[in-house]
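Let me begin by presenting the structure, written as structure tokens, before commenting on it.
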Amino acid sequence: MPSNLTPQEALIYAMVTTSATDNQMSDTELKRIGTIVKELPAFDGFDESTLVQHAQACGQLMSGPDGLNSLLDAIAEALPENLRETAYVLSCEVAASDEVMRPEERRFLDLLARRLGLSRLTCAALARAAVARHQRP
């Protein structure tokens with residue numbers, strides 16, 4: 001299985017897939033991905049202008065043989081231990097950004113957490129924090 005993703009690409013693939021799971025990549029979710037890539041230290045040195053290309057490559061991997069499993073394997077293979085929680089929380093950020101976490105997004109987050117070996121307690125805390133950050137008065 002060809003992975004060869006960089007850790008930054010794996011983070012992007014996780015976020016893009018979270019957004020795409022419900023077949024509705026909202027403008028809010030896409031803007032959130034762009035903001036995350038632009039602002040967070042995990043993306044230091046990353047060329048933001050290639051974000052669309054990486055999103056398209058993610059879609060190609062998903063549409064290939066055994067798409068979702070191949071994608072999850074590629075993400076897990078590319079991420080060092082210290083970025084596994086980061087991948088999960090960034091995916092939660094994307095899911096929460098439009099103020100609605102759909103069942104498809106929750107299911108993908110569940111699969112991602114299992115593939116990354118994250119505990120349920122850690123995931124609950126990270127997901128709750130992401131939702132709290134997107135609350136409106």
Per the list (1) touching a Phe, Trp or Tyr at 6+ places or on another chain (Cβ under 8 Å); (2) assigned to a loop (DSSP other than H, G, I, E, B), residue check on M101 breaks on (1)
The residue from Q60, Q56 that alone is on the phi < 0 side of the Ramachandran plot and more than 15 Å from the chain's Cα centre (by Cα) is Q60
Scanning the range 1-21 residue by residue, those in a helix (DSSP H, G or I) and under 13 Å from L83 (Cβ atoms) turn out to be P7, Q8, E9, A10, L11, I12, Y13, A14, M15
Considering the range 1-58, residues that are in contact (Cβ under 8 Å) with a residue 60 or more places away in the chain and among the small types (G, A, S), and then whichever is farthest from Q135 (Cα to Cα), we arrive at S3
Expected single match for in contact with a Leu (Cβ under 6 Å, 6 or more places away or on another chain), under 15 Å from V16 (Cβ atoms), of a type outside the set (D, E) and assigned to a helix (DSSP H, G or I) among A95, A87 is A87
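Yes/no matrix, rows are residues, columns are (1) within 19 Å of T6 (Cα to Cα); (2) not in a helix (DSSP H, G or I):
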residue: N69; (1), (2): yes, no
residue: L109; (1), (2): no, no
residue: A125; (1), (2): no, no
residue: R128; (1), (2): no, no
residue: R136; (1), (2): no, yes
All conditions in (1) among the acidic types (D, E); (2) in contact with a Ser or Thr (Cβ under 6 Å, 6 or more places away or on another chain); (3) under 21 Å from L40 (Cα atoms) are true of E77 except (3)
The number of residues in the range 37-91 that are charged (D, E, K, R) and in contact with a helix residue (DSSP H, G or I) (Cβ under 7 Å, 6 or more places away or on another chain) is 4
From the option list R133, R120, single residue qualifying as surrounded by fewer than 18 Cβ atoms within 10 Å (Cβ to Cβ), within 24 Å of Q24 (Cα to Cα) and charged (D, E, K, R) is R133
Residues of the range 22-58 being in a loop (DSSP other than H, G, I, E, B) and modelled with pLDDT of 90 or more, in sequence order, are L40, D44, G45, F46, D47
By residue number, the members of the range 67-109 that are of a type in the set (D, E, K, R) and either touching a residue at least 12 places away in the same chain (Cβ under 8 Å) or surrounded by 23 or more Cβ atoms within 10 Å (Cβ to Cβ) (or both) are D73, E77, R84, E85, E93, D98, E99, R102, E104, E105, R107
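The values are calculated or read from the model by the stated rules, or taken from the named source; none is laboratory data. In this text the structure is predicted, and so the values were computed from the model without any measurement. FYI the Cβ positions are ideal-geometry reconstructions off the backbone, even for glycines, and counts take in every protein chain you see.
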